[in-house]
Structure formats: C-alpha cells, structure tokens
Amino acid sequence: MRIGQVDIPSQLALAPMAGVTDAAFRQICAGLGAGLTCTELVSAKALCYQDKKSRQLLRPFPGERPFAAQIFGSDIPCMAEAAQIAIEASGADLLDINMGCPVGKVVKSGDGAALMRDPEKAARLAEAVVKASPAPVTAFTAVSGVSAVGRRRSESICAGAGCSVWIFIKRDLLVSAMWMYSIIIALWGGDCKGGSRKKGKPVRKETAPTPSWDKAPQHR
C-alpha cells in the first residue's frame, strides 16, 4: 500500500491508542510485523503552546519507518500550525488527524469524534491541515459496526480535502488494545485469548463496555 510517496511494506498497521502506543510499544509491534506505526494522539493546542511533554509523545524509536504522528483538535488555525510542529518535531512520514476519539473530555471540546457531527467543519479543518503539513495527511475516524453509510461519509469528508481516511470498525478502543495485546502474546507463544498461560487454568474472559459519546472506554 502507498500513501502519497510513502510505501507501507505490510498489510498490518498499528492503530493509535492513547496511553498504549508509546515508542516502546510501537517498537515491539514493528518487530512483530506492523508495517506502519502511529503515535498516541497529541493535543494540537498543547503543541501550539510548546508543551514539552506533548512533544515527547512524538519522538520515534531508533529506525522507526514508516510511522505517523497523530494530532487532535477542532480549532482550524491551531490544527494547521500543530501539523507543521508535529512533523518537524517527530520527522514522521505521515500526519494523522484524529476524528474518532469518543472520550468525553475530548468530545465535549468539539474534538475527536465530535467532528463527525459537523462534516463541513471537518472538511475545512482537513483542508487546512493538508495545506500546512509537509507530509501526506490521513484521518482516523470510527464507525459502529460495518456501516457503509458512515464509511462513505468519512471518505467523502477527507477525500474532498485531499487526505486519506482510516476507518476503525471495532466496538471501542478497549477491544483494539485487547486484540493487539492478544496478537503479541500469540506471536510470543502464549494464549491469544488472554488470561494465564499456565496449563489447565481457565482463561478469564474480558467484556468490552458499550461505546458512548460521553463516556470513555475503561482500559484495564
């Protein structure tokens, strides 16, 4: 697969997950076959205010290629400025716009998944980021289940602005994190269903919470 001039050598890409996809986790996943990695979501406002901790989230591990830096926000001028800062600070091959985070404090600010409530603003934001970014731009959004309507809506918003779209079709971020951990455990020779690796001990099943606009998934 190719995005702009960036070749992705594998069909497996690591989705951005807050509090999970730090540099160490990305390095593990890249070593296990992920052809594209992505940072945690980083606040555009924090980057514009020169917050050092936020910039640290963008640091790649040695030799990380290709990888994407993800930013979130809804203030269009700030997002455009943050796009430049994110690429300059990280050296990332791609810039990703978060349009899918359902966490309450993110959505209440009009960021993340809240952008799907205002497609026209989302399109203007994407267009501004594409113009400002030195790297190709993608957008990450989420739909509940395999929704053709949601998929077409997201694609039209981003394609019209000149960026590609990643559509996340899992129930919530907890499921994504559990699946990625399960893949790693399986490749290391463990039990891909989770729980203990000891023979004969029952596997504890995890139940993902019902996704909500105003309530973030609880990571355990």
Quantify how much of the Cα-Cα distance distribution of segment 38-128 extends past 17 Å, in percent.
-> 45
Estimated FRET transfer efficiency (Q84, E120; beta-carbon r; R0 30 Å; 0.05) | 0.80
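Laboratory data are not the source of any read-out in this text; all were calculated from the coordinates shown. Worth saying up front: this structure is predicted, and the values here are computed from it rather than measured. Every residue, glycine among them, receives a Cβ derived from its backbone with ideal geometry; neighbour counts consider all protein chains shown.
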